[in-house]
1. For region 105-117, state whether one or more residues are free of Cβ contacts under 8 Å to residues at least 40 places away in the same chain, of a type in the set (A, V, I, L, M) and open to solvent by less than 70 Å² (accessible area, probe 1.4 Å).
2. I99: touching an Asp or Glu at 6+ places or on another chain (Cβ under 8 Å) and β-branched (V, I, T), yes or no?
3. Looking at region 317-338 only, could you name the residues that are assigned to a loop (DSSP other than H, G, I, E, B) and either open to solvent by less than 50 Å² (accessible area, probe 1.4 Å) or of a type outside the set (A, V, I, L, M, F, W, C) (or both)?
4. Being buried (at least 23 other Cβ atoms within 10 Å of the Cβ) and either more than 30 Å from M402 (Cβ to Cβ) or touching a residue at least 24 places away in the same chain (Cβ under 8 Å) (or both) is the requirement here; does M177 meet it?
5. Considering only region 122-131, I want to know if a residue exists there that is open to solvent by less than 20 Å² (accessible area, probe 1.4 Å), in a loop (DSSP other than H, G, I, E, B), over 25 Å from K236 (Cβ atoms) and out of contact with any strand residue (DSSP E or B) (no Cβ under 6 Å at 6 or more places or on another chain).
6. Any residue in region 78-93 that's within 23 Å of L128 (Cα to Cα): show its pairings with residues that are surrounded by 14 or more Cβ atoms within 10 Å (Cβ to Cβ) and among the charged types (D, E, K, R) at Cβ separation under 6 Å, as long as the two are six or more apart or on different chains.
7. Is it the case that L52 is closer than 21 Å to T134 by Cα, in the same structural domain as I150 (by the TED database) and not in a helix (DSSP H, G or I)?
8. Name the one entry in F341, F385 that is modelled with pLDDT of 80 or more and open to solvent by less than 40 Å² (accessible area, probe 1.4 Å).
Amino acid sequence: WNYLDWMTKLAGQTLFITGASRGIGKAIALKAAKDGANVVIAAKTAQVHPKLPGTIYTAAEEIEALGGKALPCIVDVRDEKQIGEAVERAVQKFGGIDILVNNASAINLTGTLETSMKKVDLMLGVNLRGTYLTSKLCIPHLLKSKNPHILNLSPPLNLNPIWFKNHTAYTMAKYGMSMCVLGMAEEFRGSIAVNALWPKTAIHTAAMDMIGGAEVGKQCRNVDIMSDAAYAIFGKPPSYTGNFVIDEEILKTEGIKDFDIYAVAPGNALLPDFFLDEAEALVQNMGDPVVIPVVKGSTAASGPIAETFNIIKGVLNPDIVKSTGGVYKFDLSGEHAGVWFIDMKNGGGSAGSGEPPVKADVIMTMDSADFTKMFAGKLKPTMAFMSGKLMIKGDMSLAIKMEKMMSMMKSKL
C-alpha cells in the first residue's frame, strides 16, 4: 500500500498469530510479511477443509513469497501442551516473540435453549480460555521484547442487553477476550501494550459466508482494513495500552480518508458489526414510517401485515421458489402479533397466516412494525439481525436469500 507512509517497520520482529491460516489472522500475517517479519502460524487446519480455504502450510507459503519467514504450527488454542510447544518452537527458531495476536475465535449465534453445551464449551474454550492461555505462555517472552504487543480481536465491552439477548453464550465468550485486555493492560502497564481491535463494519471472510451466505459479502469490507489497523497499532509504544480500537477510527488518525478502497462492493450499504451502538442506532433511524398499499380486490384480513402478505403472494413465482428453496415462519409480536409463513420451497410458492404447511427451515421472531419495514425495503434482514431486532432460528443463509424476493417485491409497490 503505497499511500500508507507509516514509520513502523516489522522487519525481524516475530508475530505469534492464532487462527492465521485464513481470514483476518492471515491478512495481518501477510501485512507483516511485506516488512520481512517472522510469523508463527498457530492454527488447527493442517489439511484442506471442505468448506474453508487455506491451511497453515499454504499460509506459510504466502508469507514467505512476500519476504517474511514462517513457522506453521498445528495448534488447538484449547490445548496447553500444543500452545506451549508452539511458543518454544517460535523462540528457538526466531529468538523470541514480539507481538501476540489472539485472533482464533469460535462463533455460534443461537439463543440459550438452542445452544448445546458442546458449542458453549467450544466458544468459551477457544475465545476466552484460548486467549488467556496463549497470552500467559507468550508474556514471559514478550517482556524481553523492545516493543511488545498483545492484540486481541475482540469488541468494546458494551453492556447494552441487545448484544446479549440473542446469543448470550457467544457474547460471554467474546467479551472474555476483551476482559483479558482490560485486566492484562493494567497488570503489565509500562511493559506490554495490550489492546483490542474490532471492525466498524462486517468483514468479508469465509466464516461470514458460512453465517450469512455469499450475498452478505456485498455489504462488507475486506480484511485489509483490519490488517492495516493492526499494523498501525503495532507502531505504537508500550504506553499505548488498554484501548478498544475500532478499525476505521485508528486509520482516520493515520490519515486515511477514502474507505471505499476497503469495500467489497463500493457504493453498497455496509453492514455494521456486532457490539457497537451505532448498529442499533442505524436500524432505529432507518427512514420514515412505512406505508404498505392494499392490493385491490383482496379478501384477506385488514392490517399492514395482511396487506404485506397480499403483495408477497403477488410476487411469488416458480423462479423465486427455485432460487430460494426455503420455508419461512414469522412469529410476530407487537401491535399486529401473529404467526405467518412463506413457502418458497414447494410448487409455485405460497404465503399466509398461521403455521406453514410443512416444517419451517427458518423461524424469524420480530416485532410486527419491523416486519413491515423489512418487506418495504427499509430494513434488511441482516441489519435487523445484527442489531438484535430479529431473532433467527435455522438456516441463516436463507435469511439472506429472502432479500432477493424483497427487492423484487419493492418493485411491485
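1. Quick first cut of region 105-117, residues free of Cβ contacts under 8 Å to residues at least 40 places away in the same chain only: 113, 116-117.
Next cut, of a type in the set (A, V, I, L, M) only: 113, 117.
Checking the rest, the ones that are also open to solvent by less than 70 Å² (accessible area, probe 1.4 Å) come to none.
Checking region 105-117: not a single residue is free of Cβ contacts under 8 Å to residues at least 40 places away in the same chain, of a type in the set (A, V, I, L, M) and open to solvent by less than 70 Å² (accessible area, probe 1.4 Å).
2. On the way: touching an Asp or Glu at 6+ places or on another chain (Cβ under 8 Å): no; β-branched (V, I, T): yes.
Taking the combined requirement at face value, the residue does not satisfy it.
3. Pass one, region 317-338, residues assigned to a loop (DSSP other than H, G, I, E, B): 317, 325, 334-337.
Hits for region 317-338 are N317, G325, G334, E335, H336.
4. For M177, the condition - buried (at least 23 other Cβ atoms within 10 Å of the Cβ) and either more than 30 Å from M402 (Cβ to Cβ) or touching a residue at least 24 places away in the same chain (Cβ under 8 Å) (or both) - is met.
5. Within region 122-131, none of the residues are open to solvent by less than 20 Å² (accessible area, probe 1.4 Å), in a loop (DSSP other than H, G, I, E, B), over 25 Å from K236 (Cβ atoms) and out of contact with any strand residue (DSSP E or B) (no Cβ under 6 Å at 6 or more places or on another chain).
6. Q82/D76
7. Numbers: closer than 21 Å to T134 by Cα: no; in the same structural domain as I150 (by the TED database): yes; not in a helix (DSSP H, G or I): yes.
Criteria not met by L52.
8. On the way: F385 fails: modelled with pLDDT of 80 or more.
Going through F341, F385 in turn, just one is modelled with pLDDT of 80 or more and open to solvent by less than 40 Å² (accessible area, probe 1.4 Å): F341.
The values are calculated or read from the model by the stated rules, or taken from the named source; none is laboratory data. Treat the numbers as computed from the prediction; the structure is a model and nothing was measured. Ideal geometry is used to build each Cβ from the backbone, glycine not excepted, and the neighbour counts take in all protein chains shown. Note: accessible area is taken over every heavy atom of the protein model, side chains too, but ligands, DNA and RNA are not part of it. Shrake-Rupley method; radii C 1.70, N 1.55, O 1.52, S 1.80 Å.
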